[in-house]
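Encoded as structure tokens, the structure appears first; notes follow it.
The values are calculated or read from the model by the stated rules, or taken from the named source; none is laboratory data. These figures come from a predicted structure and were not determined experimentally. Every residue, glycine among them, receives a Cβ derived from its backbone with ideal geometry; neighbour counts consider all protein chains shown.
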Amino acid sequence: MLYEHYYGYCLKVVFRYIYHYDKAVDVVNDGFVKIFCNLHRFEAPDPAATEQMLMGWMRRIMVNTAVDHLRKNNFTPEIGEISEAVWQPADKGQLPDQALLYKELIKEVKKLPPGYRAVFNMYVLDGMTHPEIAEALGISVGTSKSNLFKARSILQNILKKNDAEAIACNM
């Protein structure tokens, strides 16, 4: 039941790191093995927040499992077909332009060098701290901060370029 209920959520988490569907499924399954082997360690002091805490705990296991997979492959990017199910639906109050910008941003994040992309995903999407990222990736805290800065700079430059092109097209 736990597997069926959270499988889609875990697959979305893993797809942030591994873009080849079959490999992502393998990583999710490996992650669930770790979850089931360590379920006795999970504690939720607040019963009202048990599901949120469980999802956070599972997300951390999935991220670490995906990072371990990437590390074994020397951070070789996993390129493959991306299922449309990975895209989060736009918020009801979100304008179509915002949804398009989000998809463009995700597309550009996928083009980042693997080290930059991993740090960006872990910090921005998964809410990890630089010491946690450094430990997970086997890098220094300074390298984590530097990679995040470089990833953000690359993305900002791309977005600025796209904005300039859009303005030029509208003239």
TODO: Within segment 28-37, identify whether any single residue is closer than 21 Å to Ile133 by Cα and of a type in the set (Lys, Arg), and answer yes or no.
DONE: yes
Task: Options Leu100, Leu105, Leu155; residue that is modelled with pLDDT of 80 or more and in a helix (DSSP H, G or I) - done: Leu155
- [ ] List every residue pair whose Cβ atoms lie under 7 Å apart, where the two residues are 6 or more positions apart in sequence or sit on different chains, the first residue falls within segment 7-28 and is of a type in the set (D, E, K, R), and the second residue, located anywhere, is at pLDDT below 90.
- [x] Lys12/Val86; Arg16/Asn121; Arg16/Leu125; Lys23/Glu78
